[in-house]
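A.B. asks: Sharing a structure with you now.
The values are calculated or read from the model by the stated rules, or taken from the named source; none is laboratory data. This is a predicted model, so every value here is computed, not measured. Cβ: placed from backbone, ideal geometry, glycine included. Neighbour counts: every protein chain shown. For the accessible areas, the whole protein counts, side chains as well, though only heavy atoms, and no ligand, DNA or RNA atoms are used. Shrake-Rupley method; radii C 1.70, N 1.55, O 1.52, S 1.80 Å.
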Amino acid sequence: MTASARMDQSAGVPRLLSFAFVLGAFALGTSENVIAGILPRLSDALDAPVSDVGLLVTAYAGTAVLAGPALALLTARMPLRALTIAAMTLYTAGTVLAVVAPTYALLMAARIVTGAMHTPVLVAFMLTALRLARKGEGGRTVARITLGLGVATVIGVPVGNVLSETLGWQWAFALVAALIGLALLIVLVAFPDDRSARGEAGWRSLRVLARAPVIGGIVMTALAGLGAMTLLAFAVPFLTSTGIDDRAVAPLLFIYGAACLAGNIIGGRLADRELGRALALTTGAAAVALVVAGLIGRSPVGAVAGLALVGLAYFSTFAPLNAWVATRSDGIAPDLALAVNSSAFNIGIAAAGWLGGAALAAGYSAAQLPFLGAGALVLAFAVSLVLTARVKSRRCVADSTLPHPQSAGAR
């Protein structure tokens, strides 16, 4: 941690800046996911097949996965303030382009621009929040940012869909543009001018990916996403397979959403108590939650309870996993490590969509999906135990090499 960062830590993250981070994350989460709900309207408006319009979702996610690590390498020497403002400005411009895009090609270009800036914006938010956080509050600062992403799924996406249905699809993007634009204005006013180096730059920064704790954290992120989203991506068929009416699904998903937000808060608090233990607790809890959901999910009440339990446990992993990767890469290349971690998260979700879809196509019932995903989270739990044991053993070795107080006094 740099001297300038220590100097600012006494006050913690300013409330206005913290609000900008949450608001910005909310805008990014809404932008990433809202388009899936307005595909038919976009298809009609742009006179393009739904299959082609669906590529707008893939373009955003795929660009985020590929561009995030590449841009982290290229911008490692940029001061955080400059990086954050530049990335948010481009994201805002790309979103405005989506609002006014008259053709499919221009809308695709807008999605590529915003997808490319998604990871740099989130990484800058997290690194700044961790640098400014008071001692013992790093997990909670990360949890506030991931809370913005979670709230986007529960509130931002439905609101965007309603705007699209009543006023036109452009209004879904107009909402995102207004949110990210407001967050940018606050950042311009409240973001500190910290020019201290964050670590190594260029190809030397790639060595951060050879560190076992860092790559282990990234692997856990991918496994957690794969395991939990094998069920969560198919939440609707999981509920309706028990006889729940389609019209009741949307209100019931608010119960799931509330559980996700609660899990996010819990995960942040656990991370601040003891980070290694938080990793084991949250990944282990998510594995158990999936098994329980599979056991009780064949009745309407059981399906709702199981889905909420998995959401609670899975979202509790967000803060510990991101805080772990950031702290274990600190001083080397935290930008790159967090960017790769974000890509791993999206890859895990994509793999979960493929796995769950293939299982349903093969004739498995939606009620069996939790068992299918539990194995990945058991592996994540095992990795967390190995990593924390490795860190503890190294700490013990380091302590044993220190001179004993009595022997030092004798000399």
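A.B. asks: When only the heavy atoms of the protein chains count and the probe is 1.4 Å, how do 392, 135 rank by accessible area, highest first?
C.D. replies: Highest to lowest solvent-accessible surface, that is 135, 392.
A.B. asks: A further question follows. Using only Cα atoms, figure out Rg for segment 331-398 and give it as a multiple of 2.2 N^0.38 Å.
C.D. replies: Numbers: Rg = 17.2 Å, N = 68, 2.2 N^0.38 = 10.9 Å.
Ratio of Rg to 2.2 N^0.38 Å for segment 331-398: 1.57.
A.B. asks: Can I ask one more? How large is Rg/Rh for segment 245-366, to two decimals, with Cα atoms and a Kirkwood Rh? Present the calculation step by step, with values, prior to reporting the outcome.
C.D. replies: Details: Rg = 16.4 Å, Rh = 15.9 Å.
That ratio is 1.03, to two decimals.
A.B. asks: Could you compute the FRET efficiency for residue 52 and residue 393, with r as their C-beta to C-beta distance and R0 at 51 Å, rounded to 0.05?
C.D. replies: Given R0 = 51 Å and the Cβ-Cβ separation, E is 0.40.
A.B. asks: Separate question: With an 8 Å Cα cut-off and a minimum separation of 6 or more residues, compute the relative contact order for the chain in percent. Mind dumping the intermediate values first?
C.D. replies: Working: 668 pairs, mean separation 97.6, N = 411.
In percent, rounded to a whole number, it is 24.
A.B. asks: Using packing as a proxy for protection, rank 271-283, 320-332 so that the peptide with the highest average count of other Cβ atoms within 10 Å comes first.
C.D. replies: Ranked by mean Cβ neighbours within 10 Å, highest first: 320-332, 271-283.
A.B. asks: Hey, rough spin-label estimate for residue 190 and residue 162, points 7 angstrom out along Cα→Cβ, what's it come to in nanometres?
C.D. replies: 2.6
A.B. asks: Which order do the peptides 367-378, 219-230, 191-202 take when ranked by the mean count of other beta-carbon atoms within 10 Å per residue, highest first?
C.D. replies: 219-230, 367-378, 191-202
A.B. asks: Rounded to the nearest whole Å², what accessible area per residue is found for the chain with the 1.4 Å probe? Mind showing how you got there, number by number?
C.D. replies: Details: 17570 Å² over 411 residues.
Value returned for the chain: 43 Å² of accessible area per residue.
A.B. asks: While we're here: How far is it, in nm, from the label point at residue 77 to the one at residue 209 when both lie 7 Å from their Cα along the line to the Cβ?
C.D. replies: 2.1
A.B. asks: Continuing with the same structure: Can you pull the percent of Cα pairs in the chain with separation above 29 Å?
C.D. replies: Summing the P(r) tail past 29 Å for the chain gives 45 percent.
A.B. asks: Further question: What's the carbon and sulfur percent of the chain's accessible surface, probe 1.4 angstrom, rounded to a whole number?
C.D. replies: The nonpolar share, carbon plus sulfur, comes to 68 percent.
A.B. asks: Give the average over all directions of the projected area of the C-alpha convex hull of segment 137-186, one decimal, in nm². Kindly include the intermediate steps, with their values, before the conclusion.
C.D. replies: Values: hull surface 15.5 nm².
The number I arrive at for segment 137-186 is 3.9 nm².
A.B. asks: Let me check I've understood the local charge: for residue 280, count other residues with C-beta under 15 angstrom from its C-beta, Lys and Arg +1, Asp and Glu -1. What total comes out?
C.D. replies: Values: positive: 273, 277, 390, 392; negative: 274.
Neighbourhood net charge equals +3.
A.B. asks: Hey, another quick one. Any chance you could check the Cα centroid distance between segment 260-286 and segment 157-178 for me, in angstrom?
C.D. replies: Computed from Cα coordinates, the inter-centre distance equals 33 Å.
A.B. asks: If you count, for each residue, the other Cβ atoms within 10 Å and average over each peptide, how do 161-167, 176-182 line up from highest to lowest?
C.D. replies: 176-182, 161-167
A.B. asks: Once you sort the root eigenvalues of the Cα gyration tensor of segment 272-331 as a ≥ b ≥ c, which label holds: rounded (a/c under 1.5), prolate (a/b larger than b/c) or oblate (the other case)?
C.D. replies: Taking the square roots of the gyration eigenvalues as a ≥ b ≥ c, segment 272-331 is prolate.
A.B. asks: I've got another one for you. Only four residue types carry charge here, +1 at the Cβ of Lys and Arg and -1 at the Cβ of Asp and Glu. Report the dipole size of the chain about the Cα centre in Debye, rounded to the nearest 20.
C.D. replies: With only Lys, Arg, Asp and Glu charged at Cβ, the dipole is about 1600 debye.
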